[in-house]
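The values are calculated or read from the model by the stated rules, or taken from the named source; none is laboratory data. Everything quoted here is computed from the prediction, not taken from an experiment. Cβ sites come from the backbone with ideal geometry, for glycine too, and all protein chains shown count toward neighbours.
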Amino acid sequence: MKLEFKGRCNQNITTLMRGIGYAVPKRIDPRKRSFIRRVGRSDYPHFHLYIDVLTDDKTIMDLHLDQKQPSYSGSAAHAGEYSGPVVDQEAQYIKGQLTSCFK
């Protein structure tokens, strides 16, 4: 699910995301800025959020729910949900927490 924020946020994105319960994942893809938020105590399922700051006035976030870890070593394939009530609810949570930052 794509979330779009217009305006500029003056806070550090990592600090901002940690403030709403997201963490930097153990496996970091240097090409993408991403964060996760666990649903329970174990590593999976968790929400996974990719962030692209396209310009000073626009930030795009791509949210999905990872149900389990990738099946094969070296594979990025996973059981992810990109829509549905659980993802919608998390998107609303993120929007509610971050809207005041983007002006």
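Filtering the range 25-48 to residues that are of a type in the set (A, V, I, L, M, F, W, C) and touching a Ser or Thr at 6+ places or on another chain (Cβ under 9 Å) leaves I28, F35. Scanning the range 4-29 for residues that are within 21 Å of G80 (Cβ to Cβ) and out of contact with any helix residue (DSSP H, G or I) (no Cβ under 6 Å at 6 or more places or on another chain) yields E4, M17, G21, Y22, A23, V24, P25, K26, R27, I28, D29.
Could you list, in sequence order, the residues of the range 1-11 that are part of a loop (DSSP other than H, G, I, E, B) and surrounded by 10 or more Cβ atoms within 10 Å (Cβ to Cβ)? Residues satisfying the conditions are M1, G7, R8, C9, Q11. Residues that are of a type in the set (V, I, T) and either touching a Cys at 6+ places or on another chain (Cβ under 7 Å) or crowded, with 17+ Cβ neighbours inside 10 Å (or both) within the range 14-39 comprise just one, I36. Cβ separations smaller than 8 Å between residues 6+ apart or across chains give the following pairs from the range 10-26 residues that are without any contact (Cβ under 8 Å) to a residue 60 or more places away in the chain and more than 15 Å from G96 (Cα to Cα) to residues that are in a loop (DSSP other than H, G, I, E, B) and of a type in the set (V, I, T): T14/V24. Report yes if I13 is under 12 Å from the mean Cα position of the chain (by Cα) and modelled with pLDDT of 90 or more, otherwise no. Here the answer is no, as I13 does not meet what is asked.
Residue-by-condition table, conditions (1) part of a loop (DSSP other than H, G, I, E, B); (2) over 22 Å from F5 (Cβ atoms); (3) β-branched (V, I, T); (4) modelled with pLDDT of 90 or more:
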position	(1), (2), (3), (4)
I36	no, no, yes, yes
H48	no, no, no, yes
I51	no, no, yes, yes
M61	no, no, no, yes
S71	yes, yes, no, no
